Each structure stands twice: as structure tokens, then as C-alpha cells.
Amino acid sequence: MPIPTPFHSRTSTLCTSMKWKDWAGFHAVCSYRTHHEPEYFAFRHAAGLIDVSPLFKYEVYGPGAAAFLSELTVKDIKKLKIGRVTYLCWCDDDGKVVDDGTIARLAKTHFRMTAAEPSLSWFDRSRRQHDVTIEDSTARFGALALQGPNSREILSQVTDTDIASLKFFAIRQASLDGADVWISRTGYTGDLGYEIWIERDEALRVYDALTDAGRDYGLLPAGLDALDVARLEAGFIMNGVDYFSAHHCLTEERKSSPFELGLGWTVKLDRDPFVGHTALRREKKAGAKRLLVGLDIDWGELESVFAGYGLPPELSTEAWRDGRPVYDGSDRWIGQATSGAWSPTLKKNLALAQIEASFAKPGSTVRIELTAEYRRHRVTARVLEPPFYNPARKRA
Amino acid sequence: MSAARAGRYDAVIIGGGHNGLVCAAYLARAGRRVLVLERRHVLGGASVTEELCPGFQFSVCSYVVSLFRPSIIRDLDLARHGMEIIPLETAFTPQLEGPGLCRWADGARTRREISRFSPHDAEIYPEFSLTMTKMGQLVRHIIDGPAPDPTSFRPRELARLLELGNLFRKAGPDAIHMNMKLLTMSAVDFLDMWFESDTLKAPMSVSGIIGTFLGVRSPGTAYVLLHHYMGEIDGAFRSWGYSKGGTGGLSLACARAAESLGAEIRTEAPVARVLLENGRATGVVLENGDEIQAAKVISSCDPRLTFLGLVGRDNLDGEFVGSIERYKLRGSSGKVNLAVDRLPRFRGREGTEFLRGDIAIAPSIDYLERAYDQAKYGEFSSRPYINVVIPSIMDPSVAPPGQHIISMFVQYAPYDIKEGAENWPSKREAFGDAVVATLAEYCPGLEESILYRQVLTPWDLEQEFGLSEGNIFQGELSLEQLLFQRPAAGWSRYKTPVKDLWMCGSGTHPGGGIMGASGQLAAAAILAVGE
Ligand SMILES: Cc1cc2nc3c(=O)[nH]c(=O)nc-3n(C[C@H](O)[C@H](O)[C@H](O)COP(=O)(O)OP(=O)(O)OC[C@H]3O[C@@H](n4cnc5c(N)ncnc54)[C@H](O)[C@@H]3O)c2cc1C
């Protein structure tokens, strides 16, 4: 049975739709009202406030912390500066992705790591000779994501720090309405946004301060349904949806390497050995067989499929995550789309897919399956390189 | 396409409203050398955003988007050029007593709201929407192509008529009957066939009269109701939305698309007249005397301004002049825009959730009819129908934090007031006062919150935006001026009796509203005839 997050007393009052789900063992709001769209539009035009406390969080302390994380993950964390955050993944010995997340360097010997799955045991087992202490801080902290073009102004109202100077992927300690918090210039919406990390006792105070400050800026509490559409536009993959952790796969086929997931850019090979190093070096040389791509599903064809039944195109406004097969021009199976959504901002019907590498060039076309009136159809989709949505303010 | 004479354009477009810009983009995409000339200092025409007072971005005229053609968004990649639409969530009709009626995106909640007035209506409501959506689907085909020509025996025309005929036949006899009713009945009579509650029918009926000089009980107004059910932001069928940054944001996206495809655009370049040589349009003369040569001249202005103003009646055949003179403009609406320092508080309802959409001051059908009565005799309605929106709630970029824009579309404000249209300026503030006082009856304290007020009468719409008689749609959307009769019988295909002069504004099929269809279809027609 899921348990409440530190913000539950607030979110449960606001969530009049009673639409909840279990996120990593916590109660999490899908959408506060019956429809998630206003929350989505708040991300893009005002600001949305999401309770992301269920994210797994780990504190890594000690003189060996940087060396340990460099060995655990695909990046050389020794080079990460204090006050910076980095996004990356970590692999098993075969170079298959275990999870993806962020690492923030809070001090010389103190890092905070986020993960989609419980990871303490894996980190512990990978620790070897390194002089580090690892603490699961998931329950200790509440976390909020404040995302959208007005997020900076809202946050500026309630903190003592100069928010405007907090750069993309920077993190800093601050006082928010008197509470000690960490604020990072990060998020999962592909927009201007911040994440705020708070000791759970101070959680409600911070929540109230943000909600009050947000009143004049169109701030809405936002749930996971809206986030799902936004993250898809931003081209962010999701563990358990767009790939499966190597630790949970019964078959090799199901596992993915960072190169296959479009995370090749996070992998730094020219350095001391790390978990999966040899395999990843080999794969880099040989080239990945599958690749993660974006798909833009042809609207004209979709419209005519539905018109064939006398219907206007029927599209859910929610993102989908029940995989769909992808074929080449001669109906040979070449991979799968793992999640997708109608993008209300780009006016495109988008999906993330893993397909055979030879089809992955932007501009090439594939066929994707869809269902209309209970019958299966295939329509053309054009390959795009994510992110689909990438406004300048995302990095500003 | 190299021009025959140096410096000559393939096409010069008069007017940088959204249709002129869409037309320019399509022509430029086909490789044509295009120049757009806009009279004002800003682009957009009636789809324009202006910072009338510091920090407030007003959608000066049009304020919501619904029928803009999705194919244009895709063809011109308008999302990449900055077009963003935020859907409205509610439709609220306040009453002087009690909480009024709010219709929500949430069907069950809407049913409960309507039930307070009529449990019967509450259940019929979704059925009505379904029927109208079905009809809207049929009519949609008419918007997406040039008007079918019933007098032609050309195989293509016959095929198109047949296609439409087939669509209706496939839809069955019910649909055909329903269509007949829509074509002939008044909005109120049509709604009476379904609903009993006045509180529900009144706000529904007004979509039948917007931009016309008709009342909700006038025959033929039912048809225009359909336009409400054809709305598609997205291609997903939902109705109305705000354009980010005001409706000018959409026009600017069209302009950026046109420019990226090579079109040139000039503002503050009023055209004085169309250049004619041997009965053929060869370019334009600007008010400053500059001559611009072009193989084709395309006017996005309304038919009266185009023919009687820019071409001149002496250059046209008498019969055609007659039909343009008879073309009904009869502006009947105005606009009052407010900047306020707080959100209005409505009597009988707490909070702001019901303000995330449009608000109709239409408490009863008699109220609307009385508003029309005054207009019939040359006065503005002292208690008008008002369509209110507060776009800054969902698009905070248009106003400073905590402050808001209240946009009020007002009907009736007849162009021909009994003092004479040219005397509108002396009545402007009185009209503005009546509008504000009307809304203030529902939201006490409104007056004190006003930081800035703009009042646009039909006279202002004519003088400032070039809309003859202040008609918001460049001509009434009444049945006899639609389809193959828009703007004049036989001239619905963007061509005009003047060789090489074309039209692309909302005075052509399929008519007014921010649709882009006229611009798109005109470009297609022009490209089809070639050089
Ligand atoms: C008050 C008001 C409210 C409305 N509300 C809505 C709404 O909410 N939703 C909706 O869909 N529609 C609405 N409409 C209708 C809609 O705005 C118009 O139908 C549409 O914008 C017309 O576009 P257009 O490009 O065809 O013509 P216009 O926008 O009229 O463009 C014509 C252009 O030509 C220019 N021009 C005129 N004379 C000259 C000259 N001599 N030389 C050069 N340029 C010239 C004008 O300045 C103008 O820019 C509204 C209209 C008004 C007036």
C-alpha cells in the first residue's frame, strides 16, 4: 500500500479529481482536476508545481565519494564542480543500463544522487575499496519541481538567494521562507524550471510559500499526467517505460545500452575503468544495433484512417505507454515505439521508439501500428531527433 | 520565378491581416516573389496584439481562436514559428441572482450544473453536442475547399457537389432534415427543439448572431451555431483557445513563416489604389505616391474597400458594382478592453476556476432580444450581450503579475446609429460606460479595478482597421452571403472581374473568423492558374 509524501496534506486537499497512482510506493497525483490539460498548459505558459518526493535519493559522503561515483556511473564525477548537477546513467558489467538519474555535488565530499528505482544495494555492492558512506535519503527529503516560464519569478519572491544567477544544472543552498532548502535549476519538463529539496519537517511551509507566491503568476499544482506529456515533448526517457533496468530483465534482448537509449553523450570512455567500461568500449566501436529515436506520426494518414470509418481522428490527450510495433516499408518488424503523446504545443503526434539503427537517421520514414475502430492499421512516421520541444528558456 | 520586368513582384498583397500573411506564405513557398503591404504599424489586421498601456498585451479585436485550419499549421510549420494555442476550459453565464451556470470540460460537472435549471436539458445536452458535431463534420468539408459552384457543368464541379451530396446522403435522412432546419430556423427556434431552460439557451443562441445584424429569433441564425461545433484547435475537436501573446501572436507566426519562405512584408505602407492598365491590375500605388509593379494584385481587404475604394467604381461593370453595394456589412459589434489591477469577483460564485474560459453576459433570451430591439432603431444596447474573456489567467505573459486583461466583445453596437455613423466618436465613452456598467452589475467593484480602458465602436473598427461599416467578418456571415455567393454570385473563387486582381480576405469563402482558409484557398487558386 502506498504511503503519503510529506506534502500529502496539501496535495490531497487540492486533488479534487481523486486521481492518484502509486509512484515508487507513494501516493502521487495523476491530475488535480478531471482533466490534466490545464496543468500541462501551466508548465508551458505559467508554472506548475509537482510533488516529486517519490524519486529515490541517496547521499554519498566521504573522501572516496567522487572516485566511487566515477566508477559506478558512465561519467567522470571527479570533474563535477561543487554546485553543479549532471544527468547520467549507470550500467551493469555488460554495459546495460541499470537506471538513469542525476548527481549533484553539494560539497567536496558530499554528493546527492537521484534514481528511479531503489538502488542502495547496487551502490553498496559496487562500493568495493572506496571510502564512502551511502545514505538512502528518500524519506528524509520532500522534493518539489517548480516548472514553467514563470518559475523563476515565483521562486525569486520567496528565497533569499539570487535565483536569476542559478545557471542551468546548478544547485545551491538557500533559505525559502526561512526554511533551509537546496534549489537546483533542473527538471523533467524541458522548460525553465527548478527542483527544490527540503527536509520533510519544513515541507509544508515551503509548499505554502510557493503556492502563495505563485498566485499572481498562474501557478497550478500539477500531476503526473501533465508531466508525462511534457517529458515526452522534451524527449526524456523513462525507466520502466522506454527501457527496462538490466536488473529486471529476464532476457538479454530486453536490456538496453546507453548508446541504444540515446545516452551515448553521457558515456565518457577515456578514463579509469568503470562498471561496464569494457563492454561499452566494444559497443562504441561496433556501433549500436538499435537506436532511440523520435517519431512524428503522419497526421494526414492518421486522419484518413479514421475518415475511413466516418470518424474524426480520435486521439487521447493523455500520453500513452503501451508499446506499439514499428515496421519498415515492407512490413518487417524493426522495433517498438514505447511511449507517445499528442503534443498540444507542437501540434504533432509524437512517440519515442527504439528501432534498428539503419532506420534511425532523422528524416527517414517507418511505419507504426495504430488502432482505429478496434482494427489495426499502419501509418507512416518520420524519424526526428529528440528533444521535440526545446525552447531557449529551458537553458536560460 | 524571375519577374518579367526588373523589380516587379509576382504578387503584391494588400493588407497584412492573417489571411494576407497566410496567402503570402503559400505563394512564397511555391517560389513566387511576394510583397505584403500593411497600412498600420503592426501586422495582424483584426487578429492583432498591441501594448496599449505598459505591460498589457491586448488582443485588440479578435480574442479567441477556433477555426484556424490545422492543415495550415502543418504546411507552414506555425508551431515552429511561435504559434501556441491554450484551450479555454469553461463557459460561464452569470445571473444577477444566484451562482449562474458554468459549463465545464468535465461532462458530469456540466450535467450537474444544468440540472439545477433543468434535469431534462442536462441529459439532452451531450446528445445535442453529438448531433451538432455530426453536422459540423459535414460542413467542415465546405470550409476546407473552395465553394462548390452549382451553376457549373464542369466535371470537377459536379464531382465536388456530388461528393458533398454523398456525404449528406451517407449521414442519412436525419442529417439532411437537420441541415434544412439549420439553414432556415432561428437560433432560438432551433434550440427550443431540444431545450427548455432559458438560462442554458440564451448563451448558446448567441453564437448564431455574432457579427450579424440579426437577433437570436431571426430566421437563418441557427446555421451559424454550427460554427461553434466545428472548432478544432489541434485537429483534435475541441473548440476555443487563446493564442499565446494575444491573437496577434498567431498573425506574427504566419508572418515569420512567410518571411522564412522569402516573402517581403512592409508595415505603414497604405495602398491608395490598384494600378490598372487596359482593365488589368498591374500593381498598386501607395499613399505616398510610390508605384509597385506586380504580375498579380491580391487584396485581403473587404469587398467594398477593395472594389469601391481601391479599384474604383468607374473601372467596374455596373452590375457588379451593384452587387458589391448590396453586399451587407452592417457592423453590429464593438469591443471594450480593460486593464485591471485584480480579478473580478462575481456575485454568487467564489473563486476563479470558472473564469478560465469565456463569460457570456446573456442572462435570458428576452435580454438578448431587447438588446437587439434598441439596435434596430439605431441605438447601442444599453444592456448588451457581452462575451468576456480574461486571457491573462491562463497566459500570464500578457499582463503584469497579479493584474489582468478583461476583453469584452459587445453586441449590439450598430454602425448606423441614428445620429449618423460619423458621430460615433461623441458616443464612444457613453458606449464604454454602458458596457462596463453592465458587467459591473455581475461583478461589483469592477470600476474601481480599472487601470486603463479602450473602447472600439464600429466606426473605430472601420477607421482604424479598414473594416467597412465595422463589420468584424468583412461582411455578414448570413446565408445569402456565404459559399458561392461570397462576396458576389459567380465570384466566390478569389478571382475578380478585374484581370489579375484577386481577393484573399475573409470577405471571400469560407468567411470571417481567424481561419486562414481564405488566404490558403486563394493562394491555391492563384497557383493553379500559373503565371
Ligand atoms: C472586434 C472583433 C472581434 C473578433 N473576434 C473574433 C474572435 O474572437 N475569433 C475569431 O475567429 N474571429 C474574430 N473576429 C473576426 C476575425 O478577426 C477576422 O475575421 C479576421 O481577423 C480577418 O482576417 P483577414 O486577414 O481576412 O482580414 P483583416 O484582418 O481585416 O486584414 C485586412 C488588413 O488590410 C489592412 N488594410 C486595409 N486597408 C489597407 C490599405 N489601403 N493598404 C494596406 N493595407 C490595408 C488592414 O489594416 C488589415 O491589416 C473578430 C473581429 C473583430 C473586428
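The values are calculated or read from the model by the stated rules, or taken from the named source; none is laboratory data. Source: prediction; values computed, not measured. Cβ coordinates were reconstructed from backbone atoms using ideal geometry, including for glycine residues, and neighbour counts include every protein chain displayed. Please note that ligands, DNA and RNA were not included when accessible areas were found on the heavy atoms of the full protein model with its side chains. Shrake-Rupley method; radii C 1.70, N 1.55, O 1.52, S 1.80 Å.
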* Asked: Pairs, please: C-beta under 6 Å, at least 6 apart or cross-chain, first residue more than 18 Å from B:Ser468 (Cα to Cα) and within 14 Å of chain A (Cβ to nearest Cβ) and in segment B:504-523, second among the hydroxyl-bearing types (Ser, Thr, Tyr) and more than 10 Å from the ligand (Cβ to nearest atom)?
  -> none
* Structure fact -> Within segment B:284-325, the residues that are of a type in the set (Gly, Ala, Ser) and under 24 Å from B:Gln463 (Cα atoms) are B:Gly289, B:Ser299, B:Ser300, B:Gly309, B:Gly312, B:Gly322, B:Ser323
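Of the residues A:Gln157, A:Gln173, only one is touching a helix residue (DSSP H, G or I) at 6+ places or on another chain (Cβ under 6 Å), open to solvent by 10 Å² or more (accessible area, probe 1.4 Å) and under 24 Å from A:Leu204 (Cβ atoms); which?
It is A:Gln157.
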* To do: Give the residues of segment B:313-355 that are of a type in the set (Gly, Ala, Ser) and either within 13 Å of the ligand (Cβ to nearest atom) or within 14 Å of another protein chain (Cβ to nearest Cβ) (or both), sorted by residue number.
  => B:Gly331, B:Ser332, B:Ser333, B:Gly334, B:Gly351
* Structure fact -> Expected single match for open to solvent by 30 Å² or more (accessible area, probe 1.4 Å) and either at pLDDT 95 or above or closer than 26 Å to A:Pro38 by Cβ (or both) among B:His41, B:His18 is B:His41
* Structure fact -> The lone condition B:Arg273 fails out of (1) under 27 Å from the mean Cα position of the chain (by Cα); (2) open to solvent by 10 Å² or more (accessible area, probe 1.4 Å); (3) at pLDDT 95 or above; (4) closer than 27 Å to B:Ser59 by Cα is (4)
* Asked: Condition test on B:Ala28, is it small (Gly, Ala, Ser), buried (at least 23 other Cβ atoms within 10 Å of the Cβ), away from chain A (no Cβ under 14 Å) and farther than 16 Å from B:Ser300 by Cα?
  -> yes
* Give me a count of the residues in segment B:45-72 that are modelled with pLDDT under 95 and either away from the ligand (no atom under 14 Å from the Cβ) or not hydrophobic (A, V, I, L, M, F, W, C) (or both). => 4
* Checklist (1) more than 14 Å from chain B (Cβ to nearest Cβ); (2) open to solvent by 30 Å² or more (accessible area, probe 1.4 Å); (3) free of Cβ contacts under 8 Å to residues at least 40 places away in the same chain applied to A:Ala392, failing item -> (1)
* Structure fact -> The residue from A:Phe43, A:Phe68 that alone is away from chain B (no Cβ under 14 Å), open to solvent by less than 10 Å² (accessible area, probe 1.4 Å) and not in a strand (DSSP E or B) is A:Phe68
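Let's see how each residue does on (1) open to solvent by 10 Å² or more (accessible area, probe 1.4 Å); (2) more than 15 Å from the ligand (Cβ to nearest atom); (3) modelled with pLDDT under 95:
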site	(1), (2), (3)
B:Glu480	yes, yes, yes
B:Arg486	no, no, yes
B:Gly507	no, no, yes
B:Gly513	yes, no, yes
B:Gln520	yes, no, no
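Could you list, in sequence order, the residues of segment A:345-379 that are of a type in the set (Val, Ile, Thr) and within 16 Å of A:Trp333 (Cβ to Cβ)? Talk me through it step by step, then tell me what you get.
So in segment A:345-379, the residues of a type in the set (Val, Ile, Thr) come out as A:345, A:355, A:365-366, A:368, A:371, A:379.
Correct list: A:Ile355, A:Thr365, A:Val366, A:Ile368, A:Val379.
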* To do: Considering each residue of segment B:297-312, count those that are open to solvent by 20 Å² or more (accessible area, probe 1.4 Å) and either more than 11 Å from the ligand (Cβ to nearest atom) or within 20 Å of the chain's Cα centre (by Cα) (or both), and give that number.
  => 4
* Quick one: is A:Ser330 assigned to a loop (DSSP other than H, G, I, E, B), of a type in the set (S, T, N, Q) and without any contact (Cβ under 8 Å) to a residue 24 or more places away in the chain? -> yes
* Asked: Does at least one position in segment A:307-320 carry a residue that is modelled with pLDDT under 95, β-branched (Val, Ile, Thr) and either open to solvent by less than 60 Å² (accessible area, probe 1.4 Å) or closer than 28 Å to A:Lys348 by Cα (or both)?
  -> yes
* Asked: Taking segment B:82-125 as the search range and keeping residues that are within 26 Å of B:Cys254 (Cα to Cα) and surrounded by 19 or more Cβ atoms within 10 Å (Cβ to Cβ), which one is farthest from the other protein chains (Cβ to nearest Cβ)?
  -> B:Leu88
* Does B:Arg160 satisfy the condition of being under 21 Å from B:Ala525 (Cβ atoms), modelled with pLDDT of 70 or more and open to solvent by less than 80 Å² (accessible area, probe 1.4 Å)? -> no
* Any chance segment A:268-282 includes a residue that's surrounded by fewer than 23 Cβ atoms within 10 Å (Cβ to Cβ), under 23 Å from A:Leu350 (Cβ atoms) and free of Cβ contacts under 8 Å to residues at least 60 places away in the same chain? -> no
* Please work out if B:Phe195 is at pLDDT 75 or above, surrounded by 12 or more Cβ atoms within 10 Å (Cβ to Cβ) and not assigned by TED's automatic domain parsing to the domain that holds B:Ala517. => yes
* Condition met for A:Lys78 (open to solvent by 20 Å² or more (accessible area, probe 1.4 Å), away from every other protein chain (no Cβ under 14 Å) and either part of a helix (DSSP H, G or I) or out of contact with any Cys (no Cβ under 7 Å at 6 or more places or on another chain) (or both)) -> yes
* Quick one: in segment A:208-231, of everything that is open to solvent by less than 10 Å² (accessible area, probe 1.4 Å) and touching a Gly at 6+ places or on another chain (Cβ under 8 Å), which residue is nearest to A:Thr13 (Cα to Cα)? => A:Ala222
* Selection status of B:Tyr494, within 27 Å of B:Ser243 (Cβ to Cβ), in contact with a Ser or Thr (Cβ under 9 Å, 6 or more places away or on another chain) and either within 14 Å of the ligand (Cβ to nearest atom) or not assigned by TED's automatic domain parsing to the domain that holds B:Ser186 (or both) -> yes
* Do you know which residues across segment A:344-363 are surrounded by 21 or more Cβ atoms within 10 Å (Cβ to Cβ) and assigned to a strand (DSSP E or B)? -> A:Lys348, A:Asn349, A:Leu350, A:Ala351, A:Leu352, A:Ala353, A:Gln354, A:Ile355
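What about B:Arg32, is it closer than 26 Å to A:Lys348 by Cα and either within 14 Å of the ligand (Cβ to nearest atom) or charged (D, E, K, R) (or both)? I'd like the intermediate steps shown before the answer.
Working: closer than 26 Å to A:Lys348 by Cα: no; either within 14 Å of the ligand (Cβ to nearest atom) or charged (D, E, K, R) (or both): yes.
Spelling it out, it is not the case that B:Arg32 is closer than 26 Å to A:Lys348 by Cα and either within 14 Å of the ligand (Cβ to nearest atom) or charged (D, E, K, R) (or both).
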